[in-house]
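The structure appears below as structure tokens.
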Amino acid sequence: MSTLFNDTEIAFRSKSKKQLLQAYWLFRLMGFPELTKIGTYLIKTALKLPLGLKKVIKSTLYEQFCGGETLDECQKTMADLQRFGVYSIPDYVAEGQESQKAFDLAMHQVLQTIDLAQSERNISFAVFKVSALGSVNLLMKVQQGVALSEKEQEECEQLDQRVHRIFSTAIEAGVRVMVDAEESWIQNVIDEWALSAMFLYNTEQAWIFNTCQMYRKDMPKRLQQLADTGKKRSFIPGVKLVRGAYLEKENERAEKMGYNSPIWETKQQTDQAFNEALSFCLAEDIALCIGTHNEESVAITLDLMEMNKIQSSYNGIWFAQLYGMSDHLTFNLAAQGYNVAKYLPFGPMKLSLPYLFRRANENKSVSGQSGRELELLKKELERRESLKH
Ligand SMILES: Cc1cc2nc3c(=O)[nH]c(=O)nc-3n(C[C@H](O)[C@H](O)[C@H](O)COP(=O)(O)OP(=O)(O)OC[C@H]3O[C@@H](n4cnc5c(N)ncnc54)[C@H](O)[C@@H]3O)c2cc1C
């Protein structure tokens, strides 16, 4: 593993001792599978739970992984990150909403982010989820080619208008925008929007970035097609490369409905596809944002950049981690002059619960991510303690 990421003084220099201790205990608690299971259940039903529990969630999981309830509340965190050369990608999290009013509100939150990014240079990208702007059921029907009712057609047009309003506002403001990837049963529709926006806007530089989930078996081929289309149609593809967040959901649905899962069978296959995609994107001059907490993948990218004589500050390559995770990567990359940002989720606590639930689950294995977080937090707490003697 690269030693570049082991400097905990740099990794945690934005954090007080109290914050480090809070994070340490939170990751320890998430490491108990039974507790995570109960916690997950409680989180899922939190709307009906007493105020006391909501307060606990707010001061633990929510504080660790979210920037605030509103964009305004995130400003202090964004300024703190920028002091150490780390950019922000404010991400309005409101999942599972179904009303047109909620979809409009979500669009306005993204437009506000774009507006702020125009004046504040600490925001490197705007981002949105298509499912926050329209109904998942509707997206599924469109992907399946099912005939839509008149009302559904109207809703589809409204969704199309929201997506295009975000793209055109971002372009006018000179702000790059990323489209998150979601479940495979709605992803084709999302890809079509992102691709048509790339045709239109990515002619001089990559303004629009679509997300490629490398846990999907078909993704290397899709990436190749994107590169080929870019050359044929003269646009610069923008790609956020991730492994993919919906593994269990994808596999469960495939099994239940009796089709082959679109996801690789092993983690190793996903890792290989991800790392091969890194060299592919660099060779094809695809504008990249590498969204990962995997140290090996980051180290591979740094090696590839060095081999290809690409400067650390080259604006066509960005790294990104989620707020509350892998500070050792983010802050050490920033200290070395690489372009790096934190995805900074914001939004009302009750709407952020599915997001928090995914983070808690991702960190439940002490042998995996949370083990690494714990090791580094402990190292830094001990280092600070040793300075007193
Ligand atoms: C900035 C940022 C933006 C993101 N945006 C999105 C997004 O738009 N859409 C989205 O889906 N996700 C997104 N993610 C989440 C991402 O897809 C991963 O779930 C998460 O980052 C963990 O993967 P990793 O590369 O960090 O690390 P690792 O811990 O090395 O990898 C874990 C990942 O490996 C894969 N995996 C694990 N076990 C297996 C297995 N048995 N078989 C096959 N594959 C396996 C899964 O994808 C799992 O999430 C984002 C992450 C970041 C940091």
Q | Inter-label distance for Ala102 and Met257, nm, one decimal - labels placed 7 Å from Cα along Cα-to-Cβ | A | 2.2 nm
Q: Could you calculate the FRET efficiency of Arg121 with Glu362 from 1/(1 + (r/R0)^6), where r is the beta carbon distance between them and R0 is 25 Å, rounded to 0.05?
A: 0.25
Q: Report the normalised scattering of the range 261-311 as log10 I(q)/I(0) at q = 0.22 Å⁻¹, calculated by the Debye formula with identical scatterers on the alpha carbons.
A: -0.84
Q. Rounded to the nearest 10 Å², what accessible area does His108 show when all protein chains are kept and the probe is 1.4 Å?
A. 90 Å²
Q) Using only helices, what value at 222 nm comes out for the chain when you add -39,500 (n - 2.57) per DSSP H run of length 4 or more and divide by the total residues, to the nearest 500 deg cm²/dmol? A) -18000 deg cm²/dmol
Q: Treat each spin label as a single point 7 Å out from the Cα along the C-beta direction, and report the Asp218 to Lys54 distance in nm.
A: 4.2 nm
**Q.** C-alpha center-to-center spacing [the range 121-177, the range 326-369] in angstrom
**A.** 25 Å
Q: Could you rank Met107, Met257 by how accessible they are, 1.4 Å probe, largest area first?
A: Met257, Met107
(Q) Charges on Cβ only, +1 for Lys and Arg, -1 for Asp and Glu, centred on the Cα centroid of the chain; of Ile317, Thr70, Gly371, which one is farthest towards the dipole's positive end? (A) Gly371
Q. Hey, rough spin-label estimate for Glu375 and Ser312, points 7 angstrom out along Cα→Cβ, what's it come to in nanometres?
A. 2.3 nm
Q) How much accessible area per residue does the chain have, in Å², with a 1.4 Å probe? A) 48 Å²
Q: Can you find, among Gly96, Gly347, Gly174, the residue farthest towards the positive end of the dipole of the chain? Put +1 on the C-beta of Lys and Arg, -1 on that of Asp and Glu.
A: Gly347
**Q.** Within the range 67-175: Cβ-based charge dipole about Cα centre, in debye rounded to nearest 20 (Lys, Arg +1; Asp, Glu -1)
**A.** 300 debye
Q) PRE reach from Asp72 (point 7 Å along Cα→Cβ): which of the range 91-131 fall under 19 Å by backbone N? A) 91-93, 105-120
**Q.** Additional length obtainable on full extension of the chain from Met140 to Thr266, 0.36 nm per residue less Cα span
**A.** 42.7 nm
Q) Can you give the FRET efficiency for Met349 and Phe199, using 1/(1 + (r/R0)^6), R0 = 45 Å, r = Cβ-Cβ distance, to the nearest 0.05? A) 0.70
**Q.** Chain lengthening between Asp80 and Glu385 when straightened (0.36 nm per residue, less Cα-Cα)
**A.** 107.4 nm
(Q) Assuming 0.36 nm per residue, please report the length gained on full extension of the stretch Gln153 to Ser234 beyond their Cα-Cα distance. (A) 25.9 nm
(Q) Can you compute the charge dipole magnitude of the chain about its Cα centre, using +1 on each Lys and Arg Cβ and -1 on each Asp and Glu Cβ, nothing else charged? Give it in debye, rounded to the nearest 20. (A) 1120 debye
Q | Mean separation of Cα contacts under 8 Å (6+ apart) over length of the chain, as relative contact order % | A | 28 percent
Q | Cβ-Cβ FRET estimate between Asn6 and Asp160, R0 fixed at 45 Å, reported to 0.05 | A | 0.40
Q. Per residue and in cubic angstrom, what volume does the convex hull of the Cα atoms of the chain have?
A. 150 Å³
Q: With the Cα gyration tensor of the range 259-378 in hand, convert its eigenvalues to equivalent ellipsoid semi-axes via √(5λ) and list them largest first in whole Å.
A: 25, 20, 15
(Q) Can you give me the % of accessible surface on the chain that is carbon or sulfur? Probe 1.4 Å, all protein chains present, nothing else counted. (A) 53 percent
Q: Calculate, axis by axis, the spread of Cα positions in the range 67-175 along the three principal axes, and write the results as whole Å, longest axis first.
A: 52, 27, 22
Q. What is the sum of charges around Gln161, taking Lys and Arg as +1, Asp and Glu as -1, for the other residues whose C-beta is under 12 Å from the C-beta of Gln161?
A. -3
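The values are calculated or read from the model by the stated rules, or taken from the named source; none is laboratory data. Since the model is a prediction, treat every value here as computed from it, not as a measurement. All Cβ positions, glycine included, derive from the backbone under ideal geometry; neighbour counts span all protein chains shown. With ligands, DNA and RNA removed, areas are computed over all heavy atoms of the protein, side chains included. Shrake-Rupley method; radii C 1.70, N 1.55, O 1.52, S 1.80 Å.
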